[in-house]
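The values are calculated or read from the model by the stated rules, or taken from the named source; none is laboratory data. Keep in mind the model is a prediction, meaning the values are calculated, not measured. Cβ sites come from the backbone with ideal geometry, for glycine too, and all protein chains shown count toward neighbours. Areas reflect the complete protein model, heavy atoms only, side chains present, ligands, DNA and RNA absent. Shrake-Rupley method; radii C 1.70, N 1.55, O 1.52, S 1.80 Å.
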Amino acid sequence: MKGDGVADNNETPARKGFHPVDGMRDWWADAPAWQRYGVYLALIVLVLILPAPWIGSFMSPYSDWTTVLIFPVGTYILLAVGLNIVVGHAGMLDLGYVAFFAIGAYTWASIGTTYGWSFWPTVLIGIFLASVSGVILGAPTLRLRGDYLAIVTLGFGEIVRITANNTDGIGGARGITNVPHPEPLFGMEFFLDPAPYYYLMVFAIALVIVFSVRLTKSRVGRAWAAIREDEDAAELMGVPTFKFKLLAFAIGAMIGGFAGTIYASKAVFIEPNNFPFILSATILAAVVLGGSGNLPGVILGAFVIAWLPERFRQFNDYRVLIFGAVLVLMMALRPEGLLPSRQRKAELREGTGGMGAMGAEVAGPDSEASAEVTK
């Protein structure tokens, strides 16, 4: 074991704490280019054949599988990737992320039904308005940290929902009906057939993933990592912490707004109760369950969170109980998530709960605090 707490790749699998995921990560880090491109090609093929009926007969026997892949699966993945920027990379606990999802949805629903504008440019307006909302929320509140920031963001999410509920200009409690579908694109008709929406969702997720990866490997991503690990130390070292935290909020909001516009065009009808607090909590659970800060883990976590209730739909109300039991079991047996990054796993062992210093840190299993508790 090296002195910095990161496992040496040459150590034997018998070492303490070894997990098959670590071996997979080591293999991927040293894999030659042809193996990496082979994996990418396999993923592309999997995405293309995923809506196939023979897959759907097992994955979702009680619902239309392609529709499930759009919502909740695709939508949850898109939202989780956006929230991962705020929570996983910048280390800020956001409990009102559903507000940006709602802003994007209401932007397209209002403009599309009132003015009859085209969907494609209106998507950009929805993204812009959600981003501006993120800046408006973040500018006065990002001086707060931890639990206090979480409470403010939770309040913002409820303010947006209640405002939509009491504003007759956007339908009020009745919501907005007959939301237009997108115009045909490359010969694909976005009407009744869910397949075009599936490929639109896949394109949106791929675009956001590329954007997220490029950001995290840049100077911005390094600044977020420094803020997440120790904001005071980052500021002393010259990192403009407020500016980068505000940027994380704005980018996360953009992705939430993007997901909202696609959701509204597919749903055809939206109303305030489509955007409850529990949706924010569910997306946060997806990020933590998958492995906060690790993009493949976040995608896997969002898929599991969205798919499990659909798969066990035959159990009616008991499926929620099964879903909760699975989450509790996972957090007890693997609190760092299904596919954690090395850095996040090390943070968990140091007692920061695996998501940086966000307040109310939970001692990791090997931390000094944990040892004191067990005495």
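Here are the numbers for this structure:
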quantity: Neighbours by Cβ (under 7 Å, 6+ apart or cross-chain): first from the stretch 180-193, within 16 Å of T67 (Cβ to Cβ) and among the hydroxyl-bearing types (S, T, Y); second open to solvent by 80 Å² or more (accessible area, probe 1.4 Å) and modelled with pLDDT of 90 or more; calculated: none
quantity: Top-ranked residue in the stretch 192-228 [being of a type in the set (S, T, Y) and open to solvent by 30 Å² or more (accessible area, probe 1.4 Å); ranked as farthest from D94 (Cα to Cα)]; calculated: Y199
quantity: Unmet requirement for F119, which otherwise passes all of (1) farther than 30 Å from E336 by Cα; (2) out of contact with any Pro (no Cβ under 6 Å at 6 or more places or on another chain); calculated: (2)
quantity: Long-range neighbours under 7 Å by Cβ, at least six apart or interchain, first residue open to solvent by less than 30 Å² (accessible area, probe 1.4 Å) within the stretch 280-297, second among the acidic types (D, E); calculated: G291/E336
quantity: Filtered residue count, the stretch 163-190, keeping only those that are surrounded by 12 or more Cβ atoms within 10 Å (Cβ to Cβ) and within 18 Å of W120 (Cα to Cα); calculated: 8
quantity: Single residue of A99, A29, A7 found to be at negative phi and at pLDDT 95 or above; calculated: A99
quantity: Number of positions in the stretch 74-97 that are open to solvent by 10 Å² or more (accessible area, probe 1.4 Å) and within 9 Å of the chain's Cα centre (by Cα); calculated: 2
quantity: Entirely in the stretch 313-375, the helices (runs of 4 or more DSSP H) that have 2 or more residues that are closer than 20 Å to T282 by Cα and either among the small types (G, A, S) or modelled with pLDDT under 80 (or both); calculated: 318-333
quantity: Residue list for the stretch 139-155, filter: open to solvent by less than 40 Å² (accessible area, probe 1.4 Å), under 19 Å from the mean Cα position of the chain (by Cα) and under 17 Å from A102 (Cα atoms); calculated: T153
quantity: Pairs where the first residue, in the stretch 140-151, is without any contact (Cβ under 8 Å) to a residue 12 or more places away in the chain and the second is part of a helix (DSSP H, G or I) and open to solvent by 10 Å² or more (accessible area, probe 1.4 Å), C-beta under 7 Å, 6+ apart; calculated: L144/V152
quantity: Residues (surrounded by 19 or more Cβ atoms within 10 Å (Cβ to Cβ) and of a type in the set (G, A, S)) located in the stretch 302-345; calculated: A302, A306, G337, S341
quantity: Identity of the residue in the stretch 229-246, open to solvent by less than 50 Å² (accessible area, probe 1.4 Å) and touching a helix residue (DSSP H, G or I) at 6+ places or on another chain (Cβ under 7 Å), that ends up nearest to V87 (Cα to Cα); calculated: K245
